[in-house]
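Colleague: Encoded as C-alpha cells, here's the structure I'll be asking about.
The values are calculated or read from the model by the stated rules, or taken from the named source; none is laboratory data. Quick caveat, the model's predicted, so the values are computed rather than measured. Using ideal geometry, Cβ is built from the backbone for each residue, glycine included, and neighbour counts are taken over all protein chains shown. Heads up: the accessible areas ignore ligands, DNA and RNA and are worked out on the full protein's heavy atoms, side chains in. Shrake-Rupley method; radii C 1.70, N 1.55, O 1.52, S 1.80 Å.
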Amino acid sequence: MKKKLKFLAALFFAILMLAEINNVQAQSGITQTIRGTVIEKNTRISLPGANIILLNSDPLIGVSTDTDGRFRLENVPIGRVGLQITFVGYNNVLLSNLNLLSGKELVLQVEMEELAITSEEVVITARREKSKSINDMATVSTRSFTVEETERYAGSRNDVGRMASNFAGVRGTDDSRNDIIIRGNSPSGVLWRLQGVDIPNPNHYGATEATGGPVSILNNNQLAKSDFMTGAFPAEYGNALAGVFDLKMRNGNDEKHEFLGQIGFNGFEVGAEGPLSKKNGSSYLVNYRYSTLEVFEAMGIDFGTGTAIPKYQDGSFNVNLPKTSLGSFSVFGLGGKSDISFLDSQKDTTEKAIDFYGGEGFDLINGADMGVLGMSHTFLINSKTYSKLVIAGTYHDFNVQVDSISPETKEILPYFRNSHKEQSLFANYYLNKKINSQHSFKVGFSFRQSKYDFIDSVYKEDLNRFINTTEFDGTADLFQPYLQWQYKINNNLTLNSGLHYQHFYYNDSWSLEPRLGLQWKYMPNQTFSFAYGSHSQLAPISAYFSQTRLADGSYVNPNAQLDMTHSQHFVLGYDLNINSNLRFKAETYYQYISNAGVDGNDLNSYSILNQGANFYVWTPDTLANNGTGSNLGLELTLEKFLSDGFYYLMTASFYDSKYKGSDGVERNTAFNGNFVLNALAGKEWLLSRNPAKKKEKQFVILADMKVTYAGGQRYTPLSADQVGPNDYVANYDDNEAYSQQFDNYFRTDLRVALRQSNKKVSMEFAIDAQNIFNTQNIFGQKFNTRTGEVEYTYQLGMLVIPQFKLVF
C-alpha cells in the first residue's frame, strides 16, 4: 500500500506540473456554430436583448438575442470556449470551458435569474453555472452535472450513478453494480426522476425494489444538464429518504441532422438527431444500444464467461414540438431488456471458485424489462405564470428462477421462483407563478396508479409443489401534492420553504412533510446555507403483499397496514469561491430516521434500513414500524473547475450510520463505511498542427485519473453447522450483526483518450483502465455448503475498457 501511495503521489505531482505547461494554442482553422436561447428562469419567457460575449476572442465577438431570445455565433474555432451572458436587472451567467466539436453544433438554453432588488448598489459578478443547481429551490446538498462529466471521470463508464460516487457524501456499494450509498442510507432510498416522471429502476438486471444494477439503461448521450441531490431536497420530491437524480433529456438539433456511433463497455451504440420542422423548431433525438458481449458471442468470440453472457439492449428518444398554438409539447421514451444465466450445473465440479454474481450449488436465470413512455406540455399563461403537465406510463418486469443442485447426484431441483410485474400510470402537474422579483410560488402534485402482479414462491419438498410467499394482483395508488415558496429577502439572502403531502391509498397511510432552506451570501465569494427536510418513504412494495400460510392452509397478509418510514434531515453548509476557478465547500448534517420496518414477531437485528444493495430485498414474515436509525457526517470538497485544460476534484466524507432493530440494540448499518476519500484530476493537451499540411485536423490528448480510499464494507460473522456428509449450513451471529468490517477499499482508475476533429467529423479513441494496481478488494463472504468454509469473493480486478466514439 505504501508503494502505491508513493507512486500515486508522484503521479499526481507530475500531472500538477504538466498542468502548468501552457497548451499549444494552435488554430486548426476548423470552426463550428454556437447558438441557443436565453430565458427567464422562473417564468420560462424569452429575454430579447440579452448580450452574449465569446470570452478570450480578439477582436471581441458578441451578439444580442433577438425578439424570441435566440442568439447565434458562427465560425467559432473549435475547442474549449467560454460565454458570458448579461442582461439589465439580472445576474450575469458565465459558461466556461464548453467543448465545441467539429461534428456537432453547440446548442444552449441559458436561464437567467432576476435580481431581487435592483435599486440596491450591487456588484454583479458572473455566476459559474456548475456551482449552481438547476432547481432554484434547492438550498444545499445539490450539484448539477453534465454529460461530459459522465464521460470524463475515470471509472465512470459513461454511467450517471458511477459518476455520482465521486461527489462528497456518496460511495458505491461494489464494483459490479452502480448502486450508491448517500450519507449512510440504503441505495433503495434514491429517487430516479426523468423528464418529471418518477421511473422504476433504470438499470439492466435491476430488481423491483432496488435502484441500481450492473449496467445503466440511461444513455448519457441523451441527457442534458441535470441535478443530483443528497439531502433536505425541495418539497416537489417525495417518497425518498436518501437522494434524488432529477434527469433531463436534451432536445435534438432543430436545424441540422447529426449522427453518433460508439463502441464501448456499455455496448454498440448508434444515435441520430435533427429537425422535424425548421420553421417551428421541432426536432427529434433517438438512440439505440446493444450488448457488446452478445455481439461478440454471435461472432463466435469466446471471452471465457461460459453461459453467463450478459444480453441486453436499450433505446431512448425525445421529440420536441416547441411552437404549437396550444403550447410546447414533447414526447419521450426509454426502454431496456436484459437476461442472463448462471448455470453452476455446467461447471467443472472440481472447481471451488464461486461465481461473482451467481451462487455455488445453484442455477440462476434472471431477466428484467423496463420501459417509460411519456408526454409533457408546457403552457405560458402570461409573462409571469406558466404550467407544466407530464403524463407517462411505466413498466417494469423482474423475474428470477433458482434451482438447487444435489451435491451427490447432481440432480437439478426446483428451489425458488420470482415474478414481479409493475405497470404504472403517472401524472405530474405544477403551476409556477412569479409574483415579483422577490416572491415566486410553485404548486403541484404527482399521482401514480400502479398495477402489481407479484408472485414469489419456494418449493416445498414435503408437499411436492411451490408455495407462494407473496401473491398480489391489484392496484395501489400514491398521491403527492406540494407547495413551494421562494422569498428573495434581498440580493444576498434567500428563503426557500415548502410543504409536501404523501398519501398511500393501499392502506391509507399518509405523511405531511415541511421543508425549509435559508441561503446567505455573506460576501461576494462566500455563502452560508441551512436546510431542514422532513421526508418519508414507502417500504419495499413487495413487503405489503407478503403472505403467511397458517396451519389450516389459509393465508394472511401481516404487513398490509405497514406505515411509511420517516426522516428528519438537517444540513449546514459553507461555500467559498477562492477564485474564479477554485471552490471549497463544506457540509455537515444529521439525519434521524423513525418508523423503520423491523421484525414484528421476534427480537433480533433485522431492519429494512439495511436492504436495497442487491438483486433482491428480503423481509421477515411480519414487519413492525418500531425501528430507528441515524446518520451524522461531515463532507469536504475542493474543486478546480476545468480551466487551461486542467481540473481536479477532491472530496472527503466522514460519517457514522447507526440503526436499531426490534431488539433495541444500536448497531452499525450495513452501509457504515465511516469514510470515503476521492481524488480526481485531468488534463487536456491541444497538439500543434503542421501548417504545411493542407488537410485541416485538430488533435487533443486527454488524461484523467481517479483514486478512491474508503472504509471496508460491514458484515456479520458466521460459523458452520454440519448437517450431513459434505453438507453444511451457515449460522450467522445475529447479536454481532454488521459488527465486523472488511479491509479498507482502495482503487485507482486511469483514462487516456485521443480526440481527433476533422472539418465535419469528431472522433475519440479512449482506454479506461480500472483498478490499475489490481488491488484485491473484498466484495463479501460466501459460505461453501460442501466444505463448511467461509470463502471471500473479491471485487473486480484490473479491467481495461476500450471505447471509440464518432460524431458527425
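Colleague: Accessible area of segment 680-787 with a 1.4 Å probe: how many percent of it is carbon plus sulfur?
Modeller: Details: 2690 of 5230 Å².
Solvent-exposed carbon and sulfur of segment 680-787 make up 51 percent of the total.
Colleague: While we're here: What ³J(HN,Hα) values, in whole Hz, does the Karplus curve 6.51 cos²θ - 1.76 cosθ + 1.60 give for segment 437-445 when θ = phi - 60°, with x put for Gly and Pro?
Modeller: Computed from phi, the couplings for segment 437-445 are 5, 9, 10, 8, 10, 9, 10, x, 7 Hz.
Colleague: Over the alpha carbons of segment 666-799, what is the largest minus smallest coordinate on each principal axis, giving the biggest first in Å?
Modeller: 80, 36, 24
Colleague: Would you mind checking the tilt of helix 2-19 against the longest principal axis of the Cα atoms of the chain, expressed as 0 to 90 degrees and rounded to 10?
Modeller: The helix 2-19 is inclined about 20 degrees to the chain.
Colleague: May I have the extent of the alpha carbons of segment 633-682 along their three principal axes, as whole Å values ordered from largest to smallest?
Modeller: Extents along the principal axes, in whole Å: 58, 15, 11.
Colleague: If amide H atoms are built 1.01 Å from N in the plane of the peptide, which residues on other chains or at least 5 residues away come under 5 Å of the amide H of S662?
Modeller: Distant-sequence amide H within range of S662: D599, N604, Y606.
Colleague: State the three equivalent ellipsoid semi-axes of segment 379-423, derived from the C-alpha gyration tensor as the square roots of 5 times its eigenvalues, in descending order and whole Å. Let's see the in-between values first.
Modeller: Values: eigenvalues 602, 12, 4 Å².
So the equivalent ellipsoid measures 55, 8, 5 Å along its semi-axes.
Colleague: Would you kindly derive the ³J(HN,Hα) couplings of segment 789-801 from the backbone phi angles with the Karplus curve 6.51 cos²θ - 1.76 cosθ + 1.60 (θ = phi - 60°), listing them in order in whole Hz, with x for Gly and Pro?
Modeller: Coupling constants for segment 789-801: 9, 8, 10, 7, 10, 10, 5, 4, x, 5, 9, 10, 10 Hz.
Colleague: Continuing with the same structure: Averaged per residue, what accessible surface does the chain expose to a 1.4 Å probe, in Å²?
Modeller: Working: 33850 Å² over 808 residues.
On a per-residue basis, the chain sits at 42 Å².
Colleague: Amide H of G267 versus every other amide H placed in the peptide plane: which residues, excluding those fewer than 5 positions away on the same chain, fall under 5 Å?
Modeller: Under 5 Å from the amide H of G267 lie the amide H atoms of T292, each far enough along the sequence or on another chain.
Colleague: On to the next question. Using a 1.4 angstrom probe on heavy atoms only, work out the carbon and sulfur share of the accessible area of segment 500-595 in %. Before the final figure, lay out each step's value.
Modeller: Details: 2570 of 4230 Å².
Reported share for carbon and sulfur atoms: 61 percent.
Colleague: For the peptides 649-662, 433-446, what is the packing order when you average, over each peptide's residues, the other Cβ atoms within 10 Å and list the highest mean first? Present the calculation step by step, with values, prior to reporting the outcome.
Modeller: On the way: 649-662: 21.0, 433-446: 17.6.
With the highest mean Cβ count within 10 Å placed first, the list reads 649-662, 433-446.
Colleague: Hey, if you drop one equal point scatterer on each alpha-carbon of segment 354-482 and run the Debye formula without solvent, what base-10 log of I(q)/I(0) do you get at q = 0.10, 0.20 Å⁻¹?
Modeller: With one equal scatterer per Cα and no solvent, log10 I(q)/I(0) is -0.56, -1.12.
Colleague: Of the cross-linked pairs K278/K697; K488/K658; K521/K658; K256/K311, which ones have a Cα-Cα span greater than 32 Å in the structure shown?
Modeller: Details: K278/K697 30 Å; K488/K658 38 Å; K521/K658 34 Å; K256/K311 34 Å.
As for pairs spanning more than 32 Å Cα to Cα, those are K488/K658; K521/K658; K256/K311.
Colleague: Still on this model: Take the Cα of A560, step 7 Å along the line toward its Cβ, and report every residue of segment 503-520 whose backbone nitrogen sits under 17 Å from that point.
Modeller: In segment 503-520, the label zone of A560 (backbone N under 17 Å from the point 7 Å along Cα→Cβ) covers 504-509.
Colleague: Taking H as built 1.01 Å from N, whose amide H comes closer than 5 Å to the amide H of Q32, not counting residues under 5 places away?
Modeller: Sorted by chain and number, the residues that satisfy this are N75, V76, I78.
Colleague: Give me the accessible area of M370, 1.4 Å probe, in Å² rounded to the nearest 10.
Modeller: 10 Å²
Colleague: Per-residue accessible area for K683 at 1.4 Å probe radius, Å² rounded to 10?
Modeller: Only protein atoms counted, so the area is about 0 Å².
Colleague: Past 29 Å, Cα to Cα: identify those pairs from K460/K660; K248/K782; K683/K759; K248/K433; K132/K660, in the order given.
Modeller: Numbers: K460/K660 33 Å; K248/K782 40 Å; K683/K759 24 Å; K248/K433 22 Å; K132/K660 37 Å.
From the list (K460/K660; K248/K782; K683/K759; K248/K433; K132/K660), the Cα-Cα distance tops 29 Å for K460/K660; K248/K782; K132/K660.
Colleague: If you don't mind, there's one more thing I want to ask. Which value at 222 nm does the chain reach when only helices count, each DSSP H run of 4 or more adding -39,500 (n - 2.57), with the total divided by all residues and rounded to the nearest 500 deg cm²/dmol? Don't skip to the end; give the middle numbers.
Modeller: Numbers: 5 runs with 41 residues, N = 808.
Mean residue ellipticity, 222 nm, calculated: -1500 deg cm²/dmol.
Colleague: To the nearest 20 debye, what is the magnitude of the charge dipole of the chain about its Cα centre, counting +1 on the Cβ of each Lys and Arg and -1 on the Cβ of each Asp and Glu? Each step should come with its number before you reach the end.
Modeller: Numbers: 73 positive and 84 negative charges, 792 e Å.
In total the dipole reaches around 3800 debye.
Colleague: Where the convex hull is taken over the Cα atoms of segment 729-778, what is its projected area averaged over directions, in nm²? Write out the running numbers ahead of the final one.
Modeller: Values: hull surface 27.5 nm².
Result: a mean projected hull area of 6.9 nm².
Colleague: Next question. Ignoring ligands, DNA and RNA, what percent of the accessible area of segment 222-306 is carbon or sulfur (1.4 Å)?
Modeller: On the way: 1910 of 3170 Å².
Looking at segment 222-306 in its full context, I get 60 percent from C and S.
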